[in-house]
1. Tell me which residues, restricted to region 22-50, are over 32 Å from the mean Cα position of the chain (by Cα) and surrounded by 10 or more Cβ atoms within 10 Å (Cβ to Cβ).
2. Pairs please, first residue from region 68-90 and within 16 Å of Asp112 (Cα to Cα), second anywhere and part of a helix (DSSP H, G or I) and modelled with pLDDT of 85 or more, Cβ atoms under 6 Å, 6+ apart in sequence or on different chains.
3. Take the residues of region 36-67 that are among the aliphatic types (A, V, I, L, M) and at pLDDT below 90: which is nearest to Ala114 (Cα to Cα)?
4. Just wondering, is there one or more residues in region 72-86 that are among the hydrophobic types (A, V, I, L, M, F, W, C), out of contact with any Phe, Trp or Tyr (no Cβ under 8 Å at 6 or more places or on another chain) and modelled with pLDDT under 80?
5. Taking the residues in region 51-79 that are within 20 Å of the chain's Cα centre (by Cα) and β-branched (Val, Ile, Thr) as candidates, determine which candidate is nearest to Val107 (Cα to Cα).
Amino acid sequence: MEMEMEHNKYETPERQVAGETGVAGATAQSILEGGAGVYGQAEQAVSDVYDRAAQAVGETYEQAKSYSTENVGKTVLIALGIGVGLGLLLGASTRHSRTGRFAKPVVNALSDIALELFH
């Protein structure tokens, strides 16, 4: 009896269920098969979403690259504006001085300019 329990301990759940008889064994088998099916569907869904996201990111990257190649001047001005805006924001947040009053309007103005350049 003990040897039989040792032998059953190393069997896969499917083999253990297959060895059982009656309604409980059939129910357990159908639950295992259903779980495997749901897992396969979830795996396929995640894979599809990942593929679509990767494709969208790749397309957006290519669009940004082509835009920056075609509009070098605008790209440089936008990058400069972003750098100045971030510098003002970071400088204003680390020390309390008069710059804090000017940082927000300057950043807003630079954002408006960048938006106009993209349209």
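1. Result: Ala24, Gly25, Ala26, Thr27, Ala28, Gln29, Ser30.
2. Partner pairs satisfying both residue conditions: Thr75/Ser68.
3. Out of the qualifying residues, it is Ala64.
4. no
5. Thr60
The values are calculated or read from the model by the stated rules, or taken from the named source; none is laboratory data. Since the structure is predicted, the reported quantities are computational estimates derived from the model, not experimental observations. When we count neighbours, we look across all protein chains shown, and the Cβ atoms used for this are built from the backbone with ideal geometry, even at glycine.
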